[in-house]
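K.L.:
Take this structure first; my questions come after.
The values are calculated or read from the model by the stated rules, or taken from the named source; none is laboratory data. Predicted, not measured: the structure shown is a model, and the values here were computed from it. The protein model used for the area step is the full one, side chains on, heavy atoms only, and it has no ligands, DNA or RNA in it. Shrake-Rupley method; radii C 1.70, N 1.55, O 1.52, S 1.80 Å.
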Amino acid sequence: MDDQEMQLKVRRVSDKFTESMYVLANEPSVALYRLQEHVRRSLPELVQHKTDMQSWEEQSQGAIYTVEYACSAVKSMTNSSVYFKNIDALLRQAITMKEQISNHNGRRKRTIDPGMLKEGAERHNSGM
């Protein structure tokens, strides 16, 4: 065998070997193995993302509930303005009545003469 022939045979063997390695590397079981490795590497991170998202969802739901509750409280406060106006009117009326009573009692005390009280008391005592 000459050198050229030997190189040709080595080249054929090398090509067949390369082709065999290529077939083995792309065999479905190898692909499944690589897929399994990918899932094994990425799954913990995906699980962490899922738990983070669930936590954020719970926090968001709580915040949404709080905002809705605050909005309903504000709406009920605007609806209660009628009641506050009634309370204001009743308080003003009560203050006016208190002033009238105070003025009436003040006039009454001024119109009573202390001498009249003494005479009235003597008449009352003598009548007994």
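K.L.:
Could you tell me which of the residues 75, 98, 85 is open to solvent by 100 Å² or more (accessible area, probe 1.4 Å) and under 26 Å from the mean Cα position of the chain (by Cα)? Spell out how you get there, then give the answer.
P.N.:
On the way: 98 fails: under 26 Å from the mean Cα position of the chain (by Cα); 85 fails: under 26 Å from the mean Cα position of the chain (by Cα).
Result: 75 is the single residue among 75, 98, 85 that is open to solvent by 100 Å² or more (accessible area, probe 1.4 Å) and under 26 Å from the mean Cα position of the chain (by Cα).
K.L.:
So which residues in the range 14-34 are assigned to a helix (DSSP H, G or I), open to solvent by less than 100 Å² (accessible area, probe 1.4 Å) and not hydroxyl-bearing (Ser, Thr, Tyr)?
P.N.:
Initial filter on the range 14-34 (assigned to a helix (DSSP H, G or I)): 14-25, 28-34.
In the following step, the residues that additionally are open to solvent by less than 100 Å² (accessible area, probe 1.4 Å) were identified as 14-15, 18, 20-21, 23-25, 28-31.
Result: 15, 21, 23, 24, 25, 28, 30, 31.
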